[in-house]
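One structure is given below, encoded as structure tokens.
The values are calculated or read from the model by the stated rules, or taken from the named source; none is laboratory data. In this text, all values refer to a predicted model and were calculated from it rather than measured experimentally. Don't worry about glycine lacking a Cβ; one is built from the backbone with ideal geometry, like all the others, and counts go over all protein chains shown. Accessible surface areas use protein heavy atoms only, side chains included; no ligands, DNA or RNA. Shrake-Rupley method; radii C 1.70, N 1.55, O 1.52, S 1.80 Å.
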Amino acid sequence: MKKLIFAGLLSLLLPHKVAAQPFQEVSYTPEKTQFALFAPNDAKRVTLRIYQQGLDGKAVKTVKMKRTANELWTATVRGDLMGKFYTFDVGLGECPGVFAKAVGVNGKRGAIIDLAKTNPEGWAQDRHPVCKSPADLVIYEMHHRDFSIAREDAQYKGKFIALTESWVIAHLKQLGVNAIHILPSYDYGSVDETRLADNKYNWGYDPVNYNVPEGGYSTDPYQPEVRIREFKQMVKALHDAGIRVILDVVYNHTYDIEHSNFQRTYPDYFYRKTADGQYSNGSGCGNETASDKPMMRKFMLESVKYWINEYHIDGFRFDLMGVHDIETMNQIRAMVDTIDPTIFIYGEGWSAGSCAYPQEQLAMKAHITKMPAIAAFSDEIRDALRGPFSDDTVTGWIGGKDEAESIKFGIAGAIAHPQVDMTKVNYAKEPWALEPVQMISFVSCHDDMCLVDRLKASVPGLQSSNGQLSNSQMDELIRLDLLAQTAVFTSQGVPFMLSGEELLRDKKGVHNSFESPDEINHLDWSNLTKYPQVFTYYKNLIQLRKNHPAFRLGNADLVRKHLEFLDMPEGVVAFRLKNFAGRDDWRDIIVVLNANKADTEVSIPEGCYTIVCCDGQINEQGLGTLQGNKAVVDPQSALIIH
Ligand code: CA
């Protein structure tokens, strides 16, 4: 009796206590399998069907499930169901439930397999690669097809296990990135897994089964264990190379409502509605999930936990994080901390429409101060560098616009810095990060144009009627590309790059290439030999950051203490990392970013300096020396001296 009272009191004290019931359970033994499903108490009939195959064919068994607890329906099937498939049906169509861990082709039916048998050799010894601070990460955002589909010597083009191949590991290691952010790799709906020969492409922002890898990236989507094993092989190979694996998670919406597993197990529970009873559309995809509801919150927590424990995932990028509520994100952070606090969490600090939830409680960029150890993308530095998201033809600072203050804001990592005048920053009106590692520094990602296309579309003088640039235009484009990335990689935020930028990739000018064919999205590996100077610069720039702790202080007070912006003429942003910042070997580092089309003379603190970056080249051993209090910076390039 006492106990009950105490439990009741506890739930009052803990209004956000996670609901106790499971979403679904499939408890296998060779003698019998027990099934359970979270479904409404007032469901008229809940049916479990067992199938021989993952698709087609008649059910070999149909069982009426019984309600045995609050919102819990159960059934027991005798016999050995290993290798069989199942569906649940509450009257709105069959589905594998919301938390299937293995599925048949196209994710229509759940599969009964032995997960332990999907572990690759050495899996028990597999560990998260060491990472002391998120500032040490160099994140590389990749789509499986983009990356390997057009690579001639790839054995498994467009597949998870392409990332186990030696050429991939060699490329990534040489470039120096240490975290691969893979675009949606859970089971999504837009690619028909029974017609993979069609080579259909999609980014995958249309989740079907959140807790199963996508079948289209496996060598056999019909065999449920294959995609699971191959995903783990991918993780293992990257971990063995010291590279972390970050998952792009899209809990904010489903492909549609009618066919979603959420809707088909518990109608209307998982989605938000507007005051007039319509489905809210904060995702811009026709619906928005309700992270604020206990079982949706629990779903996100358990899903993240499952990917860490089962697949050894090292980080999560939350798509449209601004659709979720702050409380849920903080609970996810706290849960992840109990497993490994170095697992990095970041997201898009915005939504794609208005959400049916109080704005001040949403996990928006402006609320990052309420979400310690969670980071958000900085559209300030991205758009300041290359121009606004809303118009591809408008340029940014690299094309001659005065956005110096927004660049400085990004260099400092979106924290309060006495030398950043917030009244002149493009979007944020106040610093939104408590720590610089809460800001993702970037100039391009899979969304909208890649950097090359954007430069061509927006920088005055880089247009051409036939799509071909002259040699001098090409030279300018490369200068600006390298200059923009130098700002990104010398920022105190967490640097992030789109895969293929190091190859000067383009998407033939396509902005929203989410379902464009491979010809648009693929990396052209011949660019490695066409523009070797680009790869070399990226590689050396990344190495410079990794070798010098001054660029990744990871702490707001240290940034305010050691990062000093220098007075510069128009078109130039410069800063000094002074007094052995982060115990760097170099006492003072000066970075001058010059967007002007002409040589620009700038004033610097009097000294005797070694030049390590100049006119599109980086060499930490030194490219020359500089004495005095003046420096002449080459057009559209960075000068780094110490
Ligand atoms: Ca799929």
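The set of residues in the stretch 380-430 being of a type in the set (Ser, Thr, Tyr), modelled with pLDDT of 95 or more and closer than 29 Å to ASN512 by Cβ consists of THR393, THR395, SER406, TYR427. For the stretch 138-167, a residue qualifies if it is part of a helix (DSSP H, G or I) and either within 16 Å of the ligand (Cβ to nearest atom) or of a type outside the set (Asp, Glu) (or both), and the qualifying residues are HIS144, ARG145, PHE147, SER148, PHE160, ILE161, ALA162, LEU163, THR164, SER166, TRP167.
Scanning the stretch 613-634 for residues that are under 20 Å from THR536 (Cβ atoms) and surrounded by fewer than 19 Cβ atoms within 10 Å (Cβ to Cβ) returns ASP615, GLN617, ASN619, GLU620, GLN621, GLY622, LEU623, GLY624, ASP634.
Pairs meeting the criteria (first residue in the stretch 197-209 and within 12 Å of CYS285 (Cβ to Cβ), second residue near the ligand (Cβ under 9 Å from one of its atoms), beta carbons under 8 Å, at least 6 apart or on different chains) are TYR205/TYR188; ASP206/TYR188; ASP206/GLY189; ASP206/SER190; PRO207/TYR186; PRO207/ASP187; PRO207/TYR188; PRO207/GLY189. Contact map, the stretch 377-398: residues that are without any contact (Cβ under 8 Å) to a residue 60 or more places away in the chain and under 18 Å from GLN636 (Cβ atoms) paired with residues that are open to solvent by 10 Å² or more (accessible area, probe 1.4 Å) and part of a loop (DSSP other than H, G, I, E, B), Cβ distance under 8 Å, separation 6+ or inter-chain. Pairs shown: ALA384/GLU403; ALA384/ASN426.
Checking each residue in the stretch 245-259 for being open to solvent by 10 Å² or more (accessible area, probe 1.4 Å), touching a strand residue (DSSP E or B) at 6+ places or on another chain (Cβ under 9 Å) and of a type outside the set (Phe, Trp, Tyr) picks out ILE257, HIS259. Applying a threshold of 6 Å to beta carbon distances and a minimum spacing of six or more residues, or different chains, the list of pairs starting in the stretch 309-325 at a residue that is farther than 23 Å from VAL138 by Cα and open to solvent by less than 10 Å² (accessible area, probe 1.4 Å) and ending at one that is at pLDDT 95 or above and polar (S, T, N, Q) reads GLY322/SER351; VAL323/ASN252; VAL323/SER283; VAL323/SER351; HIS324/SER291; ASP325/SER291; ASP325/GLN361. Against the numbered list (1) surrounded by 22 or more Cβ atoms within 10 Å (Cβ to Cβ); (2) within 16 Å of the ligand (Cβ to nearest atom), ALA179 comes up short only at (2).
Each row is one residue, and each column tells you yes or no for (1) out of contact with any strand residue (DSSP E or B) (no Cβ under 9 Å at 6 or more places or on another chain); (2) among the aliphatic types (A, V, I, L, M); (3) open to solvent by 50 Å² or more (accessible area, probe 1.4 Å); (4) without any contact (Cβ under 8 Å) to a residue 12 or more places away in the chain.
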| position | (1), (2), (3), (4) |
| --- | --- |
| PRO569 | no, no, yes, no |
| VAL572 | no, yes, no, no |
| ARG576 | no, no, no, no |
| ARG583 | yes, no, yes, no |
| VAL591 | no, yes, no, no |
| ALA598 | yes, yes, yes, no |
| PRO605 | no, no, no, no |
| ILE611 | no, yes, no, no |
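Answer with yes or no whether ASP268 is acidic (Asp, Glu) and farther than 29 Å from THR47 by Cα. Here the answer is no, as ASP268 does not meet what is asked. Provide a single number: the residues in the stretch 468-491 that are touching a residue at least 24 places away in the same chain (Cβ under 8 Å) and either over 30 Å from ASN547 (Cβ atoms) or among the aliphatic types (A, V, I, L, M) (or both). Result for the stretch 468-491: 8.
Restricting the stretch 405-424 to residues that are part of a loop (DSSP other than H, G, I, E, B), more than 25 Å from the chain's Cα centre (by Cα) and not acidic (Asp, Glu), the residue that is farthest from ALA384 (Cα to Cα) is PRO418.
Scanning the stretch 525-537 turns up at least one residue that is of a type in the set (Gly, Ala, Ser), within 30 Å of ASP198 (Cβ to Cβ) and more than 20 Å from the chain's Cα centre (by Cα). Looking at the structure I just gave you, is LEU528 within 30 Å of GLU141 (Cβ to Cβ), touching a Leu at 6+ places or on another chain (Cβ under 7 Å), open to solvent by less than 30 Å² (accessible area, probe 1.4 Å) and touching a residue at least 24 places away in the same chain (Cβ under 8 Å)? No, not satisfied.
Scanning the stretch 242-252 finds one or more residues that are under 19 Å from SER354 (Cα atoms), within 16 Å of the ligand (Cβ to nearest atom) and not basic (Lys, Arg).
With respect to GLY277, determine if the residue is more than 16 Å from the ligand (Cβ to nearest atom), among the small types (Gly, Ala, Ser) and without any contact (Cβ under 8 Å) to a residue 24 or more places away in the chain. Considered against the rule, which asks whether it is more than 16 Å from the ligand (Cβ to nearest atom), among the small types (Gly, Ala, Ser) and without any contact (Cβ under 8 Å) to a residue 24 or more places away in the chain, GLY277 comes out as yes.
Of the residues screened, ASN199 is one that is away from the ligand (no atom under 12 Å from the Cβ) and open to solvent by 10 Å² or more (accessible area, probe 1.4 Å). Picking from residues in the stretch 204-236 that are crowded, with 21+ Cβ neighbours inside 10 Å and aliphatic (A, V, I, L, M), the one that is farthest from the ligand (Cβ to nearest atom) is VAL235.
Being farther than 30 Å from LYS159 by Cα and either under 18 Å from the mean Cα position of the chain (by Cα) or not in a helix (DSSP H, G or I) (or both) holds for only one residue in GLY277, GLY284, GLY242, and it is GLY277.
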